[in-house]
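Participant: Below is a structure I'd like to ask you about.
Bear in mind that the values in this text are calculations on the coordinates, not laboratory data. What you see is a predicted model, and the numbers here were worked out from it, not measured in a lab. Heads up, the Cβs are rebuilt from the backbone with ideal geometry, glycines too, and the neighbour counts pull from every protein chain shown.
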Amino acid sequence: MASALRLRSALALVTGAGSGIGRAVCVRLAQEGATVVACDLNGAAAQETVRLLDGPKSEAGAPGGKHAVFEADVSESRAVRHLLAQVQACFSRPPSVVVSCAGITRDEFLLHLSEKDWDRVLEINLKGVFLVTQVAAQALVASGRPGSIINISSIVGKVGNLGQTNYAASKAGVIGLTQTVAKELGRHGIRCNSVLPGFITTPMTQKVPEKVIDKVTGMIPMGYMGKPEDVADVVAFLASEDSGYITGASVEVTGGLFM
Ligand code: NAP
């Protein structure tokens, strides 16, 4: 349940906004009053997300509605710089809340994992978070404004997982990046936290074989997989001043899995 308009002055940039957790985060932040910039590799999917927020008026990059949509590949530094420039041109300020949800899996056991699949997962899941965090932080510091940066890692980044050498390494990297950003930017009033979801029902986990889902679900103390909204609840808290003294934290949203 959303707290009454705790984010009404926030401009929130969300990557991976066209699906799963990113879409739920956009919905939740908008419910709390934030203006949302939805970014995804799949521009049409991000547009669909914004339709859920304020009806069919919002065009990509145009101030037709309250919110905005941009298509960008977070692993491309030029695209990310262009994205921030577009946001600043549209809203005359940098985003005060930045949520990196864009991510992929390319699962394979170590003995068979290709270099290509290693690189692509690291490029999107880790380098993408670096690029988005860096440009947003540069813009915030230049403007002298405070901000809250939230990076979606994974419980797998803490405990590892069969068949996910690349994914686990990328998500562990996100935790280290987040802690370091928290240390460097606290004096600028910029907080940086990571969220570690467990098993959440989204298109990403729909690719996991049913046998594996059943096995993992049996290990979750709460007894069921999480919903994207469970993660969005925590992101909204970390975006708000209710978490004003929390930075560098890794918040697990797992139903107790791997505690
Ligand atoms: P999802 O439904 O697959 O959503 C991921 C979104 O990111 C998709 O819209 C995808 O677009 C987009 N994306 C992929 N590559 C991108 C790029 N280079 N630039 C911009 N956007 C890109 O997955 P999800 O489950 O919501 O996952 C969201 C985040 O939570 C990910 O970082 C994931 O690792 C993390 N997470 C998920 C779970 C879980 O159980 N679901 C658990 C722990 C952590 P396309 O569809 O076009 O590829």
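Participant: Separation between the H112 and Q138 pseudo-spin-labels, each 7 Å from Cα along Cα→Cβ, expressed in nm?
Facilitator: Computed distance between label sites H112 and Q138 equals 4.1 nm.
Participant: Defining a contact as two alpha carbons under 8 Å apart and six or more residues distant in sequence, what relative contact order in percent does the chain show?
Facilitator: Values: 548 pairs, mean separation 47.6, N = 259.
That works out to 18 percent.
Participant: Let me ask something else. Taking θ = phi - 60°, what integer Hz values does the Karplus form 6.51 cos²θ - 1.76 cosθ + 1.60 yield along region 88-97, in sequence order, with x for Gly and Pro?
Facilitator: 5, 5, 6, 10, 6, 6, x, x, 8, 10
Participant: Quick one: 3J(HN,Hα) in Hz for region 236-243, Karplus 6.51/-1.76/1.60 with θ = phi - 60°, rounded, Gly and Pro as x.
Facilitator: 4, 4, 5, 6, 8, 6, 4, 10
Participant: Starting at the first residue of region 167-182, write each ³J(HN,Hα) from the Karplus equation 6.51 cos²θ - 1.76 cosθ + 1.60 with θ = phi - 60°, in whole Hz, x for Gly and Pro.
Facilitator: 5, 4, 5, 5, 6, 5, x, 5, 5, x, 4, 4, 5, 5, 4, 4
Participant: Report the paramagnetic label zone for M222: residues of region 184-205 whose backbone N is under 13 Å from a point 7 Å from Cα along the Cα-to-Cβ axis.
Facilitator: Residues 196-201 fall inside that zone.
Participant: A further question follows. Which residue, L113, L140, L177, tops the fluctuation ranking in a GNM of the chain built on C-alpha contacts under 10 Å?
Facilitator: L113
Participant: Which aspartates and glutamates have a Cα less than 12 Å from the Cα of K171, not counting those fewer than 8 places away in the same chain?
Facilitator: Leaving aside aspartates and glutamates fewer than 8 places away in the same chain, those within reach of K171 are E123.
Participant: Suppose each label sits 7 Å from its Cα in the direction of the beta carbon; what would the S77-A4 distance come out to in nanometres?
Facilitator: Spacing of the two 7 Å Cα→Cβ label points: 4.7 nm.
Participant: If each of V159 and K207 carries a label point 7 Å out from its Cα toward its Cβ, how far apart are those two points in nm?
Facilitator: Simple spin-label model gives 2.2 nm for this pair.
Participant: For E252, list long-range residues whose amide hydrogen, built 1.01 Å from N in the peptide plane, is under 5 Å from its own amide hydrogen.
Facilitator: L196
Participant: Measure nothing fancy, just the Cα-based angle from helix 20-31's long axis to the longest principal axis of the chain, in degrees from 0 to 90, nearest 10.
Facilitator: Orientation of helix 20-31: about 30 degrees from the principal axis.
Participant: Summing -39500 (n - 2.57) over the DSSP H runs of n ≥ 4 in the chain and dividing by its residue number, what mean residue ellipticity at 222 nm do you reach, to the nearest 500 deg cm²/dmol? Walk me through the intermediate numbers first.
Facilitator: Details: 10 runs with 114 residues, N = 259.
Estimated from H runs of four or more residues: -13500 deg cm²/dmol.
Participant: Here is a further query. Could you tell me the convex hull volume per residue, in Å³, taken over the Cα atoms of the chain?
Facilitator: Details: hull volume 30.6 nm³, N = 259.
So the per-residue hull volume is 118 Å³.
Participant: For the chain, set up a Gaussian network in which alpha carbons nearer than 10 Å are linked by springs, and say which option among S96, S153, S114 fluctuates the most.
Facilitator: S114
Participant: Given A249, A89, P203, which one lies farthest toward the positive end of the charge dipole of the chain, if we put +1 on the Cβ of every Lys and Arg and -1 on the Cβ of every Asp and Glu?
Facilitator: Sorting the options by dipole projection puts first A89.
Participant: Taking 30 Å as R0, compute the FRET efficiency from the Cβ-Cβ separation of E229 and R51 and round it to 0.05. Display every interim value, and only then the final one.
Facilitator: Details: r = 18 Å, r/R0 = 0.60.
Efficiency for this residue pair is about 0.95.
Participant: Please list, in chain and number order, the residues 5+ apart from A72 or on another chain whose amide H is under 5 Å from its amide H, with Hs placed from the backbone.
Facilitator: Amide H neighbours of A72, under 5 Å, 5+ apart: D40, L41.
Participant: Now, a different point. Using amide H atoms built 1.01 Å from N in the peptide plane, name the residues 5+ places from G147, or on other chains, whose amide H lies under 5 Å from its own.
Facilitator: Under 5 Å from the amide H of G147: I190, R191.
Participant: Over 31 Å between C-alpha atoms is what I'm after, so list which of K116/K183; K66/K158; K66/K207; K158/K183 land there. Don't skip to the answer; put the middle values down first.
Facilitator: On the way: K116/K183 33 Å; K66/K158 38 Å; K66/K207 34 Å; K158/K183 20 Å.
Flagged as over cut-off: K116/K183; K66/K158; K66/K207.
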